[in-house]
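J.: Have a look at this one.
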Amino acid sequence: MARINLLPWREERRQELKKEFLVIMGGTVVFAFVVLLLSNQVYNSWIDNQNNRNAYLQRNIDELSRQVAEIKEMEAKRRQLLDRMKVIQDLQGTRPLVVHVFDELVRTLPDGVFYQSLVRTGQKIEISGVAESNNRVSSLMRQMDKSEWFENPNLTSVQAAAELGEQASAFKMAVQISPPEVKAGDK
């Protein structure tokens, strides 16, 4: 019988299997590396995309914040202008008040009473004057009390002024200005 040596064939078969195993192993490592590289790129693209979206949102938020600041500044300017307009309207509205007050001061002044000084502080007028008698001062107080433009007349002092006459009196009084209410038909 002839002797057949199968060892070289087995050795070749082992070598082929070993090469095949190394090729498969190398292919698996390359495939794993490619998958890892692709997944890394996909995740990086997702992160970049999210960063771009965040940057877009931040730019819009900054723009809106700037616009809100401008609106607040405009509202502050508007309030200032409205306050100025109100002051001007109040001044325009009270301009005739001075004329009415002086007119009413003359109307309420009885004969024999003379004003020496008038000082207005806000809605209060302090009056210093001289009267021929105490009765004239009382008459002045009654006239002020009846007036539509004055209220709360308050006599602070009455002193005899002998240098001006026997019954002459120097007086000081205060009165509040209260303009009459405007009727609905007068508007």
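J.: Between GLN92 and GLU151, what is the FRET efficiency for a Förster distance of 22 Å, r being their Cβ-Cβ separation, to the nearest 0.05?
T.: Calculated value: 0.35.
J.: Relative to the longest principal axis of the C-alpha atoms of the chain, give the angle of the C-alpha long axis of helix 134-146, reported between 0 and 90° and rounded to the nearest 10°.
T.: 40
J.: Restricting things to alpha carbons, find the Rg to Rh ratio for the range 107-165 using the Kirkwood radius for Rh.
T.: Working: Rg = 11.6 Å, Rh = 12.2 Å.
So for the range 107-165, dividing Rg by the Kirkwood Rh gives 0.95.
J.: Now for a different question. Could you work out how far apart the two model spin labels at SER133 and GLN41 are, taking each label as a point 7 Å from the Cα in the direction of the beta carbon, and quote it in nm?
T.: So the label points at SER133 and GLN41 sit 12.0 nm apart.
J.: Right, next: Tell me, what ³J(HN,Hα) does each residue in the range 62-76 have, in order and in whole Hz, if you take phi through Karplus 6.51 cos²θ - 1.76 cosθ + 1.60 with θ = phi - 60° and put x for Gly and Pro?
T.: 4, 5, 5, 4, 5, 5, 5, 4, 5, 5, 4, 5, 5, 5, 5
J.: Return the sequence-ordered ³J(HN,Hα) values of the range 160-174 in whole Hz as given by the Karplus equation 6.51 cos²θ - 1.76 cosθ + 1.60 applied to θ = phi - 60°, using x for Gly and Pro.
T.: For the range 160-174, the Karplus-derived couplings read 5, 10, 4, 5, 9, x, 4, 9, 5, 9, 9, 9, 9, 8, 10 Hz, x marking Gly and Pro.
J.: In whole Å, what three semi-axes, largest first, describe the equivalent ellipsoid of the chain built from its Cα gyration tensor (square root of 5 times each eigenvalue)?
T.: Numbers: eigenvalues 2643, 53, 25 Å².
Computed over the chain, the values are 115, 16, 11 Å.
J.: Moving on to the next point. Exactly which GluC sites (Glu not before Pro) in the range 79-187 are in a DSSP loop and have at most 11 other Cβ atoms within 10 Å?
T.: Working: sites: GLU104, GLU126, GLU132, GLU148, GLU151, GLU163, GLU166, GLU181; in loops: GLU132, GLU148, GLU166, GLU181.
Counting only loop positions with at most 11 other Cβ atoms within 10 Å, the GluC sites (Glu not before Pro) in the range 79-187 are GLU148, GLU166, GLU181.
Taken together, the values in this text are just the output of simple stated rules run on the coordinates, not laboratory data. Note that the coordinates shown come from a computational prediction; the quantities given were computed from them, not determined experimentally. Every residue, glycine as well, gets a Cβ built from its backbone with ideal geometry; the counts of neighbours run over all protein chains shown.
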